[in-house]
Amino acid sequence: MMILTGGSVFCGGGFQPLDIAISKGRIVSVGPSLSKGGAQVIELNHCLVVPGFVDVHVHLREPGFSYKETIASGTAAAAAGGYTAVCAMPNLNPAPDNRENLERELEAIERDARVHVHPYGTITRGEQGGDLADLAALAPFVPGFSDDGRGVQSEDMMRAAMLLAKQLDRPIVAHCEDESLLEKDWAVHDGVYARRNGLPGNDPASEWKQVERDIRLVRETGCRYHVCHVSTKESVALIRQAKAEDLPVTCETGPHYLCLCDEDLQDHGRFRMNPPIRSAEDRDALVAGLLDGTVDCIATDHAPHSAEEKAGGLRGSLNGVVGLECAFPVLYTELVKTGKVPLEVLLNALCVNPRRLFRLSGGEIAEGQPADLAVLALDCGPHIVAPEKFRSMGRATPFEGRTVHAAVSMTLCGGTIVHKLESVVVARDAAEGIVWGYDRPKGGTT
């Protein structure tokens, strides 16, 4: 028996000073001043206890690209960020477009995952857009279908996928990108930074036009439909209208779209991703969408690459940044501490809504629920995001060097401590201030 005591527990939409008793991977009791006789007692020192975060959009790169990330390193990063479940995108080699290929990924997950991993199946074979993947064979093992990294260009193909996904009761999880509207070799959002620096821009219509098409197909098919990494104000407006029509449409956005705009860009690979960081107006529309429920959840789109692949600046780097380990500290600092977003709204987007949308277990701190929990330290002093301390093999984050005011103190998955911040690693430097990272937990469990 383990008892967490001295923390404020997120339940019923608010926080209460409660103890949590855990046994055999589940919560067995929640209440004030639980009996501690014979139990392992962990004092939380006024930290917050919340359901473990869920990221419905990560790239773990295995099988096929283990030089970028592995199941082991990616899920260690997730645990350090407070995540107890992640949904893994299928742009792998081989792509999980049939049961045999999916089995290779499932074997790696079973062997090495430190948190729950739910792998997506592809929409089309090899994510090539030509033929449907074997959706029926994949459905019992996946939370949904996605060709992330590529928009499904054919309307007929997307209609066929939605009709079958509807029968299988699985969502289509769409990377929306109309390639006919993209400038060749685009580098950034078609906005202030692009014009100032003479860079080819990515037209926001390349995203929202495909969102518009797909919502029309949802009206026709009734399929559950989730839009990945929404970045434009037009997409937010379209999704808001779809929800007003009571269509089964949901969406996510990322920390970088909520906290940054193209005026923050630097000519470095850590600012190169797809879709790109867009205008301040787009950023503000996403925050408004988070506040009114249009934006259901926040997903990092954690996409590690090698240092060489991110060394080409905005023009020459591959798309993709990492985010699992710094997401909560950044979001708390930039959105909650500034008064833009209530903490409860942020937690619903990280803990509660992702589980509801993808029908994953947990999300409530109550008797009988899985003991998948994150312990959060707020306003714990200024720290700097230091990628060299990350557990992820990826280092490219646009938040490198940002000062943050929160930390994930502990993560429990299935009642097991998979991350514990034993102490703060601090190096003081007159020029750079305080550099902060995570100590390795006792026993090397992450």
Of the criteria (1) assigned by TED's automatic domain parsing to the domain that holds residue 121; (2) more than 24 Å from residue 253 (Cα to Cα); (3) among the hydroxyl-bearing types (Ser, Thr, Tyr), which one residue 29 fails: (1)
Number of the exception - residue 382 against (1) modelled with pLDDT under 95; (2) more than 28 Å from residue 5 (Cα to Cα): (2)
Cross-chain or 6+ apart pairs with Cβ under 8 Å, segment 196-219 first and modelled with pLDDT under 95, then of a type in the set (Gly, Ala, Ser): none
Residue in segment 251-267 that is closer than 28 Å to residue 399 by Cβ, in contact with a Phe, Trp or Tyr (Cβ under 9 Å, 6 or more places away or on another chain), at pLDDT 95 or above and of a type in the set (S, T, N, Q) present: no
Selected residue (only one of 229, 256, 268 is farther than 19 Å from residue 147 by Cα and within 15 Å of the chain's Cα centre (by Cα)): 256
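Would you confirm, using the coordinates I've provided, whether residue 61 is at pLDDT 95 or above, outside the structural domain of residue 388 (by TED's automatic domain parsing), among the basic types (Lys, Arg) and surrounded by fewer than 24 Cβ atoms within 10 Å (Cβ to Cβ)?
Details: at pLDDT 95 or above: yes; outside the structural domain of residue 388 (by TED's automatic domain parsing): yes; among the basic types (Lys, Arg): yes; surrounded by fewer than 24 Cβ atoms within 10 Å (Cβ to Cβ): no.
When the stated conditions are applied, residue 61 does not pass them.
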Pair list, Cβ under 8 Å, 6 or more apart: segment 34-57 residue farther than 17 Å from residue 415 by Cβ, other residue modelled with pLDDT of 95 or more and of a type in the set (Lys, Arg): 54/355
Any hit, segment 119-135, residues being assigned to a helix (DSSP H, G or I) and without any contact (Cβ under 8 Å) to a residue 24 or more places away in the chain: no
All positions within segment 271-290 that are more than 19 Å from residue 342 (Cβ to Cβ), in contact (Cβ under 8 Å) with a residue 40 or more places away in the chain and surrounded by fewer than 22 Cβ atoms within 10 Å (Cβ to Cβ): 274, 279, 281
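If we scan segment 389-400, do we find a residue that is on the phi > 0 side of the Ramachandran plot and modelled with pLDDT of 95 or more?
No - not one qualifying residue is present in segment 389-400.
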Selection from segment 348-373 of residues that are in contact with a Leu (Cβ under 9 Å, 6 or more places away or on another chain), of a type in the set (A, V, I, L, M, F, W, C) and part of a helix (DSSP H, G or I): 349, 350
Long-range neighbours under 8 Å by Cβ, at least six apart or interchain, first residue in a strand (DSSP E or B) within segment 65-93, second modelled with pLDDT under 95 and of a type outside the set (Asp, Glu): 84/362; 85/362
Failed item, numbered, when residue 293 is tested on (1) in contact with a Gly (Cβ under 9 Å, 6 or more places away or on another chain); (2) under 18 Å from residue 354 (Cα atoms); (3) surrounded by fewer than 21 Cβ atoms within 10 Å (Cβ to Cβ): (1)
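The values are calculated or read from the model by the stated rules, or taken from the named source; none is laboratory data. Small disclaimer: the values here were computed from a predicted structure and weren't measured. Every residue, glycine among them, receives a Cβ derived from its backbone with ideal geometry; neighbour counts consider all protein chains shown.
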